[in-house]
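The values are calculated or read from the model by the stated rules, or taken from the named source; none is laboratory data. What you see is a predicted model, and the numbers here were worked out from it, not measured in a lab. Here the Cβ positions follow ideal geometry from the backbone for every residue, glycine too, while neighbour counts run over all protein chains shown. For the accessible areas, the whole protein counts, side chains as well, though only heavy atoms, and no ligand, DNA or RNA atoms are used. Shrake-Rupley method; radii C 1.70, N 1.55, O 1.52, S 1.80 Å.
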Amino acid sequence: MSFDPAAEGWSPWPPSGFSGFTGPRWSRAEGDGWAYGVLADERHANNHGIVHGGMLVTLLDNTLGITVYRATGKRPGVTMQLNTQFLSAAHPGEFLEGRGEVLRLARSVAFVRGTVSVGDRLVAAGDGVWKLLGAPPG
């Protein structure tokens, strides 16, 4: 039996740009924050049959970027730096869940960290710096 994100309260995230090639993507509100997910399949695997590290970094980058976007009142931003640690393998058929938190907001940059997990198993962790674009809200 395969995982059904919709049955678990996840909502589809519309495909757009590069991220449209790495989905389908899902999101779910959790307390004061959000979680983002991808049901991994064979397209996301490397030659060893496990989810490609580039896919994990993409989900982490998307998760942290959206976390910054929401925390700044939808102010656009771009990744300046992203440090990633790969902690365990993920496999096609598993549902990857990304969660992030903003550590500090400055005038023009945001410091953020997050994880990618499969259930209770951490698959990747990372932290980064996002350049905030445009004027601050308000």
| request: Could you grab me the full set of residues in the range 88-138 that are outside any strand (DSSP E or B), farther than 28 Å from Leu39 by Cβ and either open to solvent by less than 60 Å² (accessible area, probe 1.4 Å) or not basic (Lys, Arg) (or both)? | output: Ala106, Ser108, Leu133, Gly134, Ala135, Pro136, Pro137, Gly138
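For (1) of a type in the set (Ser, Thr, Tyr); (2) modelled with pLDDT of 95 or more, each residue gets a yes or a no:
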{"residue": "Pro24", "(1), (2)": "no, no"}
{"residue": "Arg43", "(1), (2)": "no, no"}
{"residue": "Asn47", "(1), (2)": "no, yes"}
{"residue": "Thr58", "(1), (2)": "yes, yes"}
| remark: The number of residues in the range 1-32 that are open to solvent by less than 30 Å² (accessible area, probe 1.4 Å) and over 17 Å from Glu94 (Cβ atoms) is 2
| remark: Condition set assigned to a strand (DSSP E or B) and among the hydrophobic types (A, V, I, L, M, F, W, C), scope the range 30-49, selection nearest to Trp13 (Cα to Cα): answer is Val38
| said: If I ask for residues that are in contact with a Leu (Cβ under 9 Å, 6 or more places away or on another chain), under 16 Å from Gly134 (Cα atoms) and either crowded, with 16+ Cβ neighbours inside 10 Å or acidic (Asp, Glu) (or both), which ones from the range 41-76 would you list? | reply: Val68, Ala71, Thr72, Arg75
| Checking Arg70 against (1) free of Cβ contacts under 8 Å to residues at least 40 places away in the same chain; (2) closer than 25 Å to Ser2 by Cβ; (3) within 16 Å of the chain's Cα centre (by Cα), the condition it does not meet | (2)
| message | Name the single residue that is modelled with the highest pLDDT among those in the range 7-22 being closer than 13 Å to Ile66 by Cβ and touching a strand residue (DSSP E or B) at 6+ places or on another chain (Cβ under 8 Å). | response | Trp13
